[in-house]
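I have placed the structure first, in the form of structure tokens, so that the comments after it can refer back to it.
Laboratory data are not the source of any read-out in this text; all were calculated from the coordinates shown. This is a predicted model, so every value here is computed, not measured. Here the Cβ positions follow ideal geometry from the backbone for every residue, glycine too, while neighbour counts run over all protein chains shown.
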Amino acid sequence: MAKLRSRLAREYRTLERMVAIFCGDHHGGPADQACDECVQFLAYAEQRLLKCPYGQEKPTCAKCPVHCYKPMQREQARIVMRYAGPRMVLRYPFLSLMHFLDKLRKVEHPMELRRRRKTAGQTPRDTA
Ligand code: SF4
């Protein structure tokens, strides 16, 4: 299976830390081990990242016009982020700052992006 790299790998690391904070405070397991439900959620999120049409130019999912998550997982992501987001600032300031900067990215529709990549002679693989 393809591996996440660069910005997408960082995004996954950020989500992993957020889930760890949320799960540790809500699901009562060991601090370094997420519960089954949270592990499944992370596996789902990883799949979404691998298939994200934006590749390395991915906006934050919250601002995405596609939103590829199923409703249940989307709600799960919203709950986790609302809780863990403010706590990330102190615990993981670098990841938190980078996520903030990602929020400032201009969000294009995937069709617009595809057109721009085609004009530049790029394939989706070039930016995955
Ligand atoms: S919600 Fe949008 S940005 Fe997030 S993974 Fe899905 S397509 Fe990519």
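Can you find, among 34, 64, 81, the residue farthest towards the positive end of the dipole of the stretch 6-123? Put +1 on the C-beta of Lys and Arg, -1 on that of Asp and Glu.
64
Treating only the Cβ of Lys, Arg, Asp and Glu as charged (+1, +1, -1, -1), what charge dipole size does the chain show about its Cα centre? Round to the nearest 20 debye.
Roughly 720 debye for the chain.
For helix 110-119, report the angle its Cα long axis makes with the longest principal axis of the Cα atoms of the chain; keep it between 0 and 90° and round to the nearest 10°.
40 degrees
Just from its helices, what would the mean residue ellipticity at 222 nm be for the chain, if runs of 4 or more DSSP H residues each count -39500 (n - 2.57) and the sum is divided by every residue, rounded to the nearest 500 deg cm²/dmol?
-21000 deg cm²/dmol
How about the stretch 1-80: which trypsin sites (Lys or Arg not before Pro) there lie in a loop by DSSP and see at most 12 other Cβ atoms within 10 Å?
Answer by residue number: 3, 5.
Quote the charge dipole size of the stretch 63-128 about the Cα centre in Debye, to the nearest 20; the model charges only the Cβ of Lys and Arg (+1) and of Asp and Glu (-1).
Dipole about the Cα centre, nearest 20: 100 debye.
Can you tell which of 94, 22, 41 shows the greatest fluctuation in a Gaussian network model of the chain with Cα springs below 10 Å?
94
Which one of 110, 9, 96 is farthest out on the positive end of the charge dipole of the stretch 6-123, using unit charges on Cβ (Lys, Arg +1; Asp, Glu -1) and the Cα centre as origin?
Checking the options against the dipole of the stretch 6-123, the answer is 110.
Using a Gaussian network model on the chain with a 10 Å cutoff between Cα atoms, which of 85, 55, 29 fluctuates the most?
29
Obtain the nm distance between the two label points defined at residue 36 and residue 5 by a simple spin-label model: each point lies 7 Å from its Cα along the Cα-to-C-beta direction.
3.6 nm
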